[in-house]
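Only one structure is covered here, and it is reproduced in the block below.
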Amino acid sequence: MTPENTLNRLSILIVDDEESIREGSERILTRMGFQVFKASRGSEGLDVLKLQPVSIVLLDLKMPGMDGMEVLGHIQRLNPEILVIIITGYATLETAIEAMKQGAYDFIPKPFQPDQLRIVINRARERIRLTEETERLAQERQRNLADLDTEKSRIRTIVESLPNGVLVTNVQGQVALMNPAFQWLMGIEEDTAAGEAIEACIQDKAFCQMVKDISAGNDPSLPATYEFTTVGEKYLMASGRPVLGDSGECLGAVVNLVDITAMKVLDRLKSEFVAKVSHELRSPLSTIHEQLALVLKDMVEKESSRDQYLLSRAKEKTQGLISLIGDLLDLSRIEAGNVCIECKPVKLDELLKSIVDFMEIRAGSKNQKLHLFLPDEPVPMISADPRALESVFGNLIANAINYTPDGGAIEVKISLTPDKIRTDVSDTGFGIDAKDIDNIFKQFYRVKNEKTRFITGTGLGLPIVKGLLEELGGSIQVTSEPSQGSTFTVLLPISASHAVKMHDELVPVSPQ
C-alpha cells in the first residue's frame, strides 16, 4: 500500500462543544477521505483517543468542564505524536499562542471557511507524511542526518517544499539541512553550506543557544520554543525537538520555524480596540458622575430648571453609552459568525413598512417626511434572518434621519432586478465628501464637520450593516454629494441558494 493510500485513511477527532462546528467540519473532512470521530466534551474526547487510532485532533480551547489547554496536556502525555490543531476565537488569541508553545501543531481562528480548514488539515497530513518517511528512512539505517544535505532522497524534497521553515542540525549544532522557507524567513543566503556552525548563519544568540542545547540533548523531555523578530520586522516562533536514535541517543535537532506576524498584528489591533472602547466608555461615565453630583447638590437649592437641564444631559450621555455597548455586542456577534444562522422566508416589503411606520415618529419630531415606495409587481420572498434585516434597514433609516436637517425628506424605495431585490434609502441631508466615502464602513469612523459635530453616534452602525449584508449574501453601495444628500443601495439575492450553502457547508460559530 502506498503512503498516499495510508494517509487517506487517517482518522480525525473533533472536540468542540458546538454541534454546528462538529457537524460542519465532519462533512468537509469526510469528503477529503478521513475517518471522523466527534466529541462534545474534553473528557469524552480523551475516551475516544483511548479506544481509536487518531492522528489529528481539532480541539476547541473554550469548553465547559475540562478546557482545551487541559485536554492538550492529556493528549501530549497519552500520545505526543498526535497533531493537535487548536480552534480559537478572537478573544483567545494569546491562549492559542500558548497552546502552540505547549506542543500544539497549528491553529485555526473562528469563524473559518471550508477552504481554511482544508489548508490546515492538508498541512497536517503533509507533516504526517514527512514523519512516516523519516521513520522509514530510519528503519533503513539512514541515521546520519548530515547525509541529508547530499542525498537526493524523498525526505529532502518533502522538507524543501514545506511552507514552514525547517532546520536540521547534528549533535555539534552544525547545519545539516536548511529548507528554502527557513532561509527566506531568516534572510539567509541560498548558498549557505552544510556543516557550518549555527552561529555563522544566524545572529540571534538566544536562538542559537536553544538549537545547540537541543542538538546536544540537554533537555529531550519537552519541545523548546522561542519567539523573536527579524530585521524585516517579521515575528517568528521556533519550535525545536531532539532527534533520537534507536537506542535513545541524541543525533541532533530539528527546528520548525513559523511566521506569526499576522497573529501579532491581530493582537495589536485587539489592544487598540480595547483602548478605544475604554476611552469611549470612560468619558460618558465620567460626565454622568459629575453631572449627577451637581444635580444632587442643586436639588437642595430648589433650582428646578437647572436640575432638568443636567438630568437631560445625563440621560443623553447614558443613552450614548447604551448605544455603544449594544453596537459592540452586535459587532462581536457578526465577527464570531453568530448571526444569520437560522434564515427563513421574509417579505421585505412588509418588513420595511413596519420599520418605516415605527421610524415616522422620530422623523416627525424633526418635521421630516419619511416615505416608502413599493414596486407595482409583487415583491418576492427572500431567505434571510429577519432580525438581521431589521438591524440593516433600521440603522440606514436612523442615519438618514440623524444626518438630514429639520424639514428634510427620506425616501425608501424597493425595485426588482432579475435575481436581486434593490432597496434605496435616500435623504436630502448633509451628504458625504468623496474622501470620506471609502472610510464610512470602517469601525468607529465618523464624518465630523461643522454640520455633523453635534450628532451623537458610535461609528459602528455602518460596519454592522456591511457585516450583516455579507452574511446574508448581499451588498451595499453609497452615492453622495455634500449638501445634496446621500443614497445607500442594498442588494439582496432573491434566490435561497446562499442560505442553503450556509447550512450545507459553512461552519457557524458562537463567540467565545
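The values are calculated or read from the model by the stated rules, or taken from the named source; none is laboratory data. Bear in mind that the values here come from a model prediction, so they are computed numbers and not experimental data. When we count neighbours, we look across all protein chains shown, and the Cβ atoms used for this are built from the backbone with ideal geometry, even at glycine.
Any residue that is under 18 Å from Leu468 (Cα atoms), surrounded by 14 or more Cβ atoms within 10 Å (Cβ to Cβ), at pLDDT 70 or above and not aliphatic (A, V, I, L, M) - is there at least one of those in the range 328-343?
Yes, that holds for at least one residue.
Which members of the range 364-391 meet the condition of being under 17 Å from Val465 (Cα atoms) and not in a loop (DSSP other than H, G, I, E, B)?
Ala384, Pro386, Arg387, Ala388, Leu389, Glu390, Ser391 - these are the residues of the range 364-391 that are under 17 Å from Val465 (Cα atoms) and not in a loop (DSSP other than H, G, I, E, B).
For residues that are surrounded by fewer than 22 Cβ atoms within 10 Å (Cβ to Cβ) and touching a residue at least 12 places away in the same chain (Cβ under 8 Å), tally how many sit in the range 38-48.
Qualifying residue count, the range 38-48: 7.
Taking only the range 345-358 into account, find how many residues are within 30 Å of Gly24 (Cβ to Cβ) and either at pLDDT below 85 or more than 32 Å from the chain's Cα centre (by Cα) (or both).
Summing the residues that are within 30 Å of Gly24 (Cβ to Cβ) and either at pLDDT below 85 or more than 32 Å from the chain's Cα centre (by Cα) (or both) in the range 345-358 gives 1.
If Met69 satisfies all but one of (1) in a helix (DSSP H, G or I); (2) modelled with pLDDT of 90 or more, what's the number of the condition it fails?
Of (1) in a helix (DSSP H, G or I); (2) modelled with pLDDT of 90 or more, only one is false for Met69: (2).
Within the range 104-152, count every residue that is in contact with a Leu (Cβ under 7 Å, 6 or more places away or on another chain) and at pLDDT below 85.
Of the residues in that region, 4 qualify.
Filter the range 403-422 for residues that are out of contact with any Lys or Arg (no Cβ under 9 Å at 6 or more places or on another chain) and surrounded by 16 or more Cβ atoms within 10 Å (Cβ to Cβ) and give the result.
Correct list: Val412, Lys420, Ile421.
Can you tell me which of Asp406, Asp436, Asp424 is modelled with pLDDT under 90 and assigned by TED's automatic domain parsing to the domain that holds Lys466?
Asp436
Mind counting the residues in the range 173-191 that are surrounded by 14 or more Cβ atoms within 10 Å (Cβ to Cβ) and in a loop (DSSP other than H, G, I, E, B)?
3
Out of the residues in the range 103-118 that are out of contact with any Gly (no Cβ under 7 Å at 6 or more places or on another chain) and either β-branched (Val, Ile, Thr) or in a loop (DSSP other than H, G, I, E, B) (or both), which is surrounded by the most Cβ atoms within 10 Å (Cβ to Cβ)?
Ala104
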